[in-house]
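The values are calculated or read from the model by the stated rules, or taken from the named source; none is laboratory data. Everything numeric in this text was worked out from a predicted model, so none of it was measured. A quick note on method: Cβ atoms are made from the backbone with ideal geometry, for glycine too, and the neighbour counts reach across all protein chains shown.
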Amino acid sequence: MIIVTRRNLDQGKVDEGLSLLSKENLAARTVSWNGRTLVVTHVRPSDGIITKLEAMGIAERFVLPSHTAQLASLEFQSEKSTVKVGDAEIGGKRLTVIAGPCSVESRDQLLNVAHAVKRAGASLLRGGAFKPRTSPYEFQGLGELGLRLLSQAREETGLPVVTEIMEPSRVELVAKYADMLQVGARSAQNFPLLRAVGESKLPVILKRGMMTTIDEWLQAAEYILLEGNPNVVLCERGIRTFERATRNTLDLSAVAVLRKKTHLPVLVDPSHATGGRDLVAPMAKAAVAAGADGLMIEVHPTPDKALSDANQQLSPEEFEKLMNELEPIAQAVGRTIH
Ligand code: PEP
Ligand code: MN
């Protein structure tokens, strides 16, 4: 149960409520949420306790979570969330375009692409340092060196950086260099990782797992929110279906469905969704038209030579052209992109 306490309740009152619960052996944890303390228990307190919490002026309302997400839902918060990362605000009027290579490969490669995507209007730089590769024989990323290069690129361009985190034990290391953490599709239901990125309080991109339903995805987001980290951004990157013409099947309807269910910002990644360079631009445009808050796009100075995802990365010229083509579509849906 979520016990929503009164706004600006003092800590003494919260503690009184917690000791009442502990007398009944109810494990409870507190979460700060928009100026209130939420007290979360996994077991429903007795009616007697509920009445006392109300009578003592502690509880304002009680929410009994069903299996669906609560803090992520529009019922819990009707106002759309925005997530700030450096100068970028994800979920605001201006679309957020996150661009950069699949993997950080070298200083030259990263800086070249970082300057190019900045010039074209991207607001965040992406790049993988710890890569979740399907085969253990494939390039696994530069690790901490990759992180250092990302932070150099931030210093040179001013773009905040986002990079994937795969292991809870590495959150501290990655947080030293990155402005935003990415939980990839393959880790979307790694619950210890979700808790750890929640605890970090850094902004988080939570990609949709390739076999994750929208409700399961929102529940994964709930793990992060429940650690008191409201800075969660969802990213649709395609799901696995029987279709093999594309790498994954971009579920654009998820954007519209999420709008009806959650206040969290929603991005679309047409690069991993399609797996093909020619398909990125049409799907990026469709995503903007469908109401996404932004895009994540892979860009590489020499895509054919990329050490990972060579088929889907755009050249800087292709990226710049796409950014210009997106402008009128953004305007048509009441957004801007530059
Ligand atoms: C990525 O963005 O680098 C990535 C590996 O994507 P996904 O987790 O969506 O496959
Ligand atoms: Mn990739």
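Residues in segment 121-147 that are of a type in the set (Asp, Glu) and assigned to a loop (DSSP other than H, G, I, E, B): Glu138 only. The C-beta contact set for segment 293-315 (first residue closer than 30 Å to Gly92 by Cβ, second residue charged (D, E, K, R) and part of a loop (DSSP other than H, G, I, E, B), distance under 8 angstrom, 6+ apart or interchain) comprises Leu295/Asp269; Met296/Arg237; Met296/Asp269; Ile297/Asp269; Glu298/Asp309; Gln312/Arg247.
Scan segment 155-168 for residues that are over 17 Å from the mean Cα position of the chain (by Cα) and in contact (Cβ under 8 Å) with a residue 40 or more places away in the chain and the total you get is 4.
Given segment 5-107, what strands (runs of 3 or more DSSP E) lie entirely inside it while holding 3 or more residues that are touching a residue at least 40 places away in the same chain (Cβ under 8 Å)? So that I can check it myself, show each step before the final result.
On the way: elements: 28-33, 36-41, 59-63, 83-85, 88-90, 96-100.
Answer list for segment 5-107: 28-33, 59-63, 83-85, 96-100.
Pairs linking a residue in segment 127-143 that is within 13 Å of ligand 1 (Cβ to nearest atom) to a residue that is among the aromatic types (Phe, Trp, Tyr), with Cβ atoms under 6 Å and 6 or more positions apart or on different chains, are Gly141/Phe130.
To keep it simple, each residue is scored yes or no on (1) in contact with a helix residue (DSSP H, G or I) (Cβ under 8 Å, 6 or more places away or on another chain); (2) more than 15 Å from ligand 1 (Cβ to nearest atom).
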{"site": "Gly238", "(1), (2)": "yes, no"}
{"site": "Glu243", "(1), (2)": "no, yes"}
{"site": "Asn248", "(1), (2)": "yes, no"}
{"site": "Ser253", "(1), (2)": "no, yes"}
{"site": "Leu258", "(1), (2)": "yes, yes"}
{"site": "Lys261", "(1), (2)": "yes, yes"}
{"site": "Leu264", "(1), (2)": "yes, yes"}
{"site": "Arg277", "(1), (2)": "yes, yes"}
{"site": "Lys285", "(1), (2)": "yes, yes"}
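Pairs linking a residue in segment 191-213 that is within 20 Å of Ile90 (Cα to Cα) and more than 16 Å from ligand 2 (Cβ to nearest atom) to a residue that is outside any helix (DSSP H, G or I) and of a type in the set (Asp, Glu), with Cβ atoms under 6 Å and 6 or more positions apart or on different chains, are Gly198/Glu227. No other residue among Leu142, Leu124 is more than 22 Å from the chain's Cα centre (by Cα), modelled with pLDDT of 95 or more and surrounded by 17 or more Cβ atoms within 10 Å (Cβ to Cβ) apart from Leu142.
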